[in-house]
1. Please enumerate the residues belonging to segment 239-274 that are under 30 Å from residue 295 (Cα atoms) and not in a helix (DSSP H, G or I).
2. Please determine, by comparing only the residues of segment 116-126 that are in a helix (DSSP H, G or I) and surrounded by 15 or more Cβ atoms within 10 Å (Cβ to Cβ), which one is modelled with the highest pLDDT.
3. With in contact (Cβ under 8 Å) with a residue 40 or more places away in the chain, more than 18 Å from the chain's Cα centre (by Cα) and farther than 30 Å from residue 138 by Cβ as the only criterion, which of 251, 191, 225 stands out?
4. As an exercise: evaluate residue 284 against (1) more than 23 Å from the chain's Cα centre (by Cα); (2) closer than 27 Å to residue 83 by Cβ and give the number of the one condition it does not meet.
């Protein structure tokens with residue numbers, strides 16, 4: 001998959017914006033999953049900090065692995081503001097349920113930090129894969145749930161507006177669509193951010209949603225609510241646009257984005273709305289990889 005970043009300056013520029021976004025999402029995650037629960041006397045004071053602790057671990061562990069790798073193995077200078085791992089691992093953390101086991105979480109981050117250093121490939125999006133591996137292990141352990149203590153103890157009946165503003169079930173910082181739109185606009189300021197991908201993916205998803213409602217007589221309001229509460233919008237903004245794992249050529253970007261949107265709808269229905277987008281990204285990576293192999297062979301045959 002052909003992709004690149006133009007310069008060290010562009011790396012630092014977009015990474016700085018990602019840190020701003022991580023701060024915004026951490027504040028929101030701490031408020032929703034910490035302060036609100038504490039005010040309702042559902043958790044103790046220390047538990048307020050759990051979302052922020054998960055984010056810090058997702059920065060600190062990859063930092064240690066990267067520092068050791070560059071400083072002692074490659075004998076190169078390590079630039080912290082040029083390391084995408086430190087902002088991309090936290091984006092996976094935001095997509096996880098609050099009740100995740102800390103030891104499992106630390107182990108998977110450590111494992112994927114090492115794997116990313118040892119096997120640098122752009123065929124499969126490691127961050128999407130990491131999210132799926134974590135949730136699969138949680139499922140095997142019989143602990144799969146995105147419900148918070150609040151959801152388990154208090155009966156809720158959210159309106160569509162409530163869901164749009166983040167009052168729904170999902171990852172620790174994936175549910176507030178208004179905040180995600182603000183984050184998207186921040187990223188759009190950076191030239192290297194592939195802002196077309198989320199828009200095309202969303203349009204493709206919505207077209208399939210409308211066709212499904214027309215053909216199978218689905219309730220469009222329920223489908224829209226499922227879209228809002230799913231991790232689809234979060235995934236297309238942050239995970240599907242990662243430069244190393246997504247095409248840069250205009251034609252391939254369009255194909256990639258359409259596939260992500262269409263496959264996300266299908267996987268949301270077949271699997272669930274929380275992991276669907278991540279399955280879609282990985283499958284799309286593989287399709288684009290095969291497409292490029294076929295394209296190269298065809299070009300070679302015409303020479």
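1. 239, 240, 241, 242, 246, 247, 248, 249
2. Among those that are in a helix (DSSP H, G or I) and surrounded by 15 or more Cβ atoms within 10 Å (Cβ to Cβ), it is 126.
3. Going through 251, 191, 225 in turn, just one is in contact (Cβ under 8 Å) with a residue 40 or more places away in the chain, more than 18 Å from the chain's Cα centre (by Cα) and farther than 30 Å from residue 138 by Cβ: 191.
4. (1)
The values are calculated or read from the model by the stated rules, or taken from the named source; none is laboratory data. Worth saying up front: this structure is predicted, and the values here are computed from it rather than measured. We place every Cβ from the backbone using ideal geometry, glycine too, and count neighbours over all the protein chains shown.
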